[in-house]
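The values are calculated or read from the model by the stated rules, or taken from the named source; none is laboratory data. Keep in mind the model is a prediction, meaning the values are calculated, not measured. Cβ: placed from backbone, ideal geometry, glycine included. Neighbour counts: every protein chain shown.
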Amino acid sequence: AEALADAAGRGVPVVLDKPAPGVRSAVFFPLSLKGELLGMLEARRAGEAEPFGEADVRHCSILGAQVAQAVLNARLYADVQERMREVQRIQDQLVHAEKLSAVGRLAAGVAHEINNPLTAIMGFADLLRREDGMGEAQKTDLGRIVDESRRCKRIIQDLMRFSRPAPSVKAPVDAAAVAGAALELFRFELRRADVTVVRELPDGLPPVLGDASKLEQVFLNLVVNARDAMAAKGGGTLTVRAEAVGANVRLSVIDDGPGIAPEDLGRVFEPFFTTKPVGLGTGLGLSVSFGIVREHGGVIKVDSIPGRGCAFVVDLPVALVDAKESAA
Ligand SMILES: Nc1ncnc2c1ncn2[C@@H]1O[C@H](COP(=O)(O)OP(=O)(O)OP(=O)(O)O)[C@@H](O)[C@H]1O
Ligand SMILES: [Mg+2]
């Protein structure tokens, strides 16, 4: 052990004579590179062989340097691979964001054009409906036109919000409280769908800097999706959790519905991606939510086990308290 420490400390090989029974000679040599000690190697000669000589020690030094270089190369390689993965991940994100904004711009243009004629359709149908001499059946039909037009308008508003998010009014927000209030609003709906809610929304989490009504929209989108997913098996359990994780507040919406098919998992945040029947889903809920969360400097992710359920996780950065403000 002493010899080892000596060899390590001075960074030079040490030769030992008969260090152990049956060992004629041993040489310990450090694997060091640019002053960093990576490890030690030991070579032994047994039996009646010659003890290690000066030439052997020189060879060991060379070998040691080469092994150290190999270790360093392996490290560099691992490092490069790690970085390549990181670059790939960022690129995927960029491509995704670009795709969203291209579709968004197109959609916003179309939405804008449709909005005005739709307002006229709705207005005139509504007027007609109120006119004297309309039969009940006609009134019903006109009412349907009004309702469906209203639905179209809602979709269009979603679209416009998605592509050109209204400037947010950001203030410190308690994300758990927002989720709690939204759940309250939706309580009846959930009960009707036989959804049991597990509420893990503690008080006193650090605030996030955000727009409460937009965050509520994100949360409701996730809850509605979870309810829809569980409807297939006539209800289920919805877990809603808020917690502080590192510099974020994490909001999780977890259901035990059918989950998402692996081939769909990469597409759920795309605008217009839906597996719901025409008229039931537009496929905008998650892409709108994606945009809102991104605008808040956060991240939204999904995890799913087919047949077991789905977890949507939203990480929002904790609001930095202004030093001046807190002093005041
Ligand atoms: N909790 C969930 N469980 C299973 N699948 C889900 C869940 N949430 C979303 N999905 C899948 O992702 C798709 C896209 O969701 P998104 O909210 O964007 O659109 P949508 O719910 O279909 O329509 P919209 O929200 O516009 O009414 C859904 O159609 C569904 O296939
Ligand atoms: Mg939805």
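Residues being in contact with a Lys or Arg (Cβ under 7 Å, 6 or more places away or on another chain), of a type outside the set (Val, Ile, Thr) and free of Cβ contacts under 8 Å to residues at least 24 places away in the same chain are represented in region 14-22 by at least one member.
GLU216 fulfils the conditions (1) farther than 26 Å from VAL103 by Cα; (2) within 16 Å of ligand 2 (Cβ to nearest atom) except for a single criterion, (1).
For region 25-74, the set of residues classified as of a type in the set (Gly, Ala, Ser), touching a Gly at 6+ places or on another chain (Cβ under 7 Å) and at pLDDT 85 or above consists of ALA46 only. Kindly indicate whether ASN221 is in contact with a Gly (Cβ under 8 Å, 6 or more places away or on another chain), under 28 Å from PRO317 (Cα atoms) and either of a type in the set (D, E, K, R) or at pLDDT below 95 (or both). So ASN221 passes the test. When the strands (runs of 3 or more DSSP E) confined to region 188-284 are screened for residues that are out of contact with any Lys or Arg (no Cβ under 6 Å at 6 or more places or on another chain), those reaching at least 3 such residues are found at 195-200, 236-245, 248-255.
For region 69-121, name all the residues that are hydroxyl-bearing (Ser, Thr, Tyr) and either closer than 22 Å to VAL288 by Cβ or in contact with a helix residue (DSSP H, G or I) (Cβ under 6 Å, 6 or more places away or on another chain) (or both). Matches in region 69-121: SER101, THR119. For region 209-236, residues that are more than 21 Å from the chain's Cα centre (by Cα) and polar (S, T, N, Q) total 1. Taken together, LEU127, LEU142 contain a single residue that is among the aliphatic types (A, V, I, L, M), outside the structural domain of VAL240 (by TED's automatic domain parsing) and exposed (fewer than 12 other Cβ atoms within 10 Å of the Cβ), which is LEU127. Can you spot a residue in region 125-133 that is touching a Cys at 6+ places or on another chain (Cβ under 7 Å), touching a residue at least 24 places away in the same chain (Cβ under 8 Å) and farther than 30 Å from LEU31 by Cα? No, because not a single residue in region 125-133 is touching a Cys at 6+ places or on another chain (Cβ under 7 Å), touching a residue at least 24 places away in the same chain (Cβ under 8 Å) and farther than 30 Å from LEU31 by Cα. Taken over region 258-272, the residue count meeting the criterion of being within 7 Å of ligand 1 (Cβ to nearest atom) and at pLDDT below 90 is 0. Among the residues of region 308-324, those that are surrounded by fewer than 22 Cβ atoms within 10 Å (Cβ to Cβ) and within 11 Å of ligand 1 (Cβ to nearest atom) comprise ARG308, ALA311. Filtering region 239-266 to residues that are within 15 Å of ligand 2 (Cβ to nearest atom) and within 14 Å of the chain's Cα centre (by Cα) leaves only VAL253.
Looking only at residues of region 206-254 that are among the β-branched types (Val, Ile, Thr) and away from ligand 1 (no atom under 16 Å from the Cβ), we find that the one that is nearest to VAL169 (Cα to Cα) is VAL208. Among residues of region 168-185 being surrounded by fewer than 19 Cβ atoms within 10 Å (Cβ to Cβ) and closer than 21 Å to ALA311 by Cβ, the one that is modelled with the lowest pLDDT is LEU183.
Restrict the check to region 281-295 and report whether at least one residue is away from ligand 2 (no atom under 16 Å from the Cβ), surrounded by 13 or more Cβ atoms within 10 Å (Cβ to Cβ) and not small (Gly, Ala, Ser). Checked against the condition, which is being away from ligand 2 (no atom under 16 Å from the Cβ), surrounded by 13 or more Cβ atoms within 10 Å (Cβ to Cβ) and not small (Gly, Ala, Ser), region 281-295 yields at least one hit.
When the residues of region 191-205 are narrowed to those that are in contact with an Asp or Glu (Cβ under 9 Å, 6 or more places away or on another chain) and surrounded by 15 or more Cβ atoms within 10 Å (Cβ to Cβ), which ends up farthest from PRO172 (Cα to Cα)? Selected residue: ALA193.
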